[in-house]
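Heads up: the structure comes next, in structure tokens.
The values are calculated or read from the model by the stated rules, or taken from the named source; none is laboratory data. No experiment lies behind these values; they were computed from the predicted model shown. Glycine also receives a Cβ, built like all others from the backbone with ideal geometry; neighbour counts cover every protein chain displayed. The protein model used for the area step is the full one, side chains on, heavy atoms only, and it has no ligands, DNA or RNA in it. Shrake-Rupley method; radii C 1.70, N 1.55, O 1.52, S 1.80 Å.
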Amino acid sequence: SHSRRNDVSFSLLCGGFILPTNLLVVCIHSDLVVMALVDSTSKVSLERSSPLVPPDRHKFENEVSKITRVIKDKEKLIEYVSTDNKDIGEQLSLLGIELENLEDKRSRLIIEMKNIDENLRKLGIEVSKHKAEANRLVIGLKFMTEDKHEEQIKKLESQVHTGQFSFNNERKLLLEIESLKKAKLKVKDYHAARNSVSECRNEQDELRNKKDTLHQQNKAIREKMNSIKDEMAFLRQQLDGRRDEQRERKANQESLTKDIAALYVQRRQLHEQFRQYQLQYMDAIKSSSPETTSRTGRIRQQQEEHRTSREMKRKV
């Protein structure tokens, strides 16, 4: 295909005729002069059938312009393929750090809630123990305060000292007084047990309230973590899509770059072929008859003047 492109380019210089590489066709306006080149050492012979004219520069320049336009069009299609995904990478990094911090905070919350559960369990045991102690002590109490016991003891002692009782009744009063004194001693322990129960229950309430607060915080953290994970999944999906797009653009860019390189080669070959053709033409002119040379020179001058006129019109 490369050889065929060269043949086509060469044919455009020669008026549209494609001939084997060992033949050179010189393009003229109305007729052709055929120069048979048998090999690189052969002498060039001309069969003069019409006036000899120079290579068609206008066709050459048009062909070069076409190739140049195609090159420029393809170069415009090459867009910069950015492989910098720093923006998404930074977002993922920041979200990853935030997720790690939340996971650490949530772990601490869970440990704290487990400690609260353990303390609640221990407090429950303490409540049961103090409550059982208070229930045991309340059985022997006559009154719920020490003052009431003391008041009753003094009353009974006064009766014993001032009253006239039989031996059995007096003995009963003395036993009652002794029982009240023992009960009086238990009142303080009873109230201490009851206070311990109340204190344990208050502490339980505080721990339960704190656990509820921690539970709400844990729930909020879990929701935030799920939101971050969803956002990170979306960014990763976006990053994968961007990388696929970058790969596709890079492939297109490489294809366009190859095409452009081939066009540059084709344009250089076209210049070289035209230059070689000019040299061969000049050699043919030198070896032709003086009449042909003179006539061809006049035609060439006319064509150069015509080309100069066209260029001046284009500039205007």
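Some notes on this structure:
- Answer residue from region 234-251, given it is free of Cβ contacts under 8 Å to residues at least 40 places away in the same chain and over 8 Å from the mean Cα position of the chain (by Cα) and is farthest from Gln91 (Cα to Cα) among those: Ala251
- Test: residue in region 116-126 that is more than 30 Å from Asp212 (Cβ to Cβ) and open to solvent by 60 Å² or more (accessible area, probe 1.4 Å): no
- The selection criterion, being β-branched (Val, Ile, Thr), within 30 Å of Gln216 (Cβ to Cβ), modelled with pLDDT of 75 or more and in a helix (DSSP H, G or I), does not hold for Ile177.
- Yes/no for Val197 being over 52 Å from the mean Cα position of the chain (by Cα), farther than 29 Å from Asp117 by Cα and open to solvent by less than 80 Å² (accessible area, probe 1.4 Å): no
- Restricting attention to region 44-63 and to residues that are modelled with pLDDT of 80 or more and touching a helix residue (DSSP H, G or I) at 6+ places or on another chain (Cβ under 6 Å), the residue that is most open to solvent (accessible area, probe 1.4 Å) turns out to be Lys59.
- Close pairs from region 125-145: first closer than 12 Å to Ser198 by Cα, partner basic (Lys, Arg) and surrounded by 14 or more Cβ atoms within 10 Å (Cβ to Cβ), Cβ under 7 Å, at least 6 apart: Val127/Arg201; Ala134/Arg194
- Conditions (1) surrounded by fewer than 13 Cβ atoms within 10 Å (Cβ to Cβ); (2) of a type outside the set (A, V, I, L, M, F, W, C); (3) closer than 25 Å to Lys72 by Cβ; (4) at pLDDT 90 or above; number of the one not met by Thr213: (3)
- Residue that is open to solvent by 80 Å² or more (accessible area, probe 1.4 Å), assigned to a helix (DSSP H, G or I) and among the basic types (Lys, Arg), where the choices are Lys229, Lys184: Lys229
- Residue match in region 168-187 (condition: without any contact (Cβ under 8 Å) to a residue 12 or more places away in the chain and under 28 Å from Lys131 (Cα atoms)): yes
- Hits in region 232-257 (condition: open to solvent by 60 Å² or more (accessible area, probe 1.4 Å) and within 30 Å of Asn101 (Cβ to Cβ)): Phe234, Arg236, Gln237, Gln238, Asp240, Arg242, Arg243
- Ile110 vs. criteria touching a residue at least 60 places away in the same chain (Cβ under 8 Å), in a helix (DSSP H, G or I) and not polar (S, T, N, Q): yes
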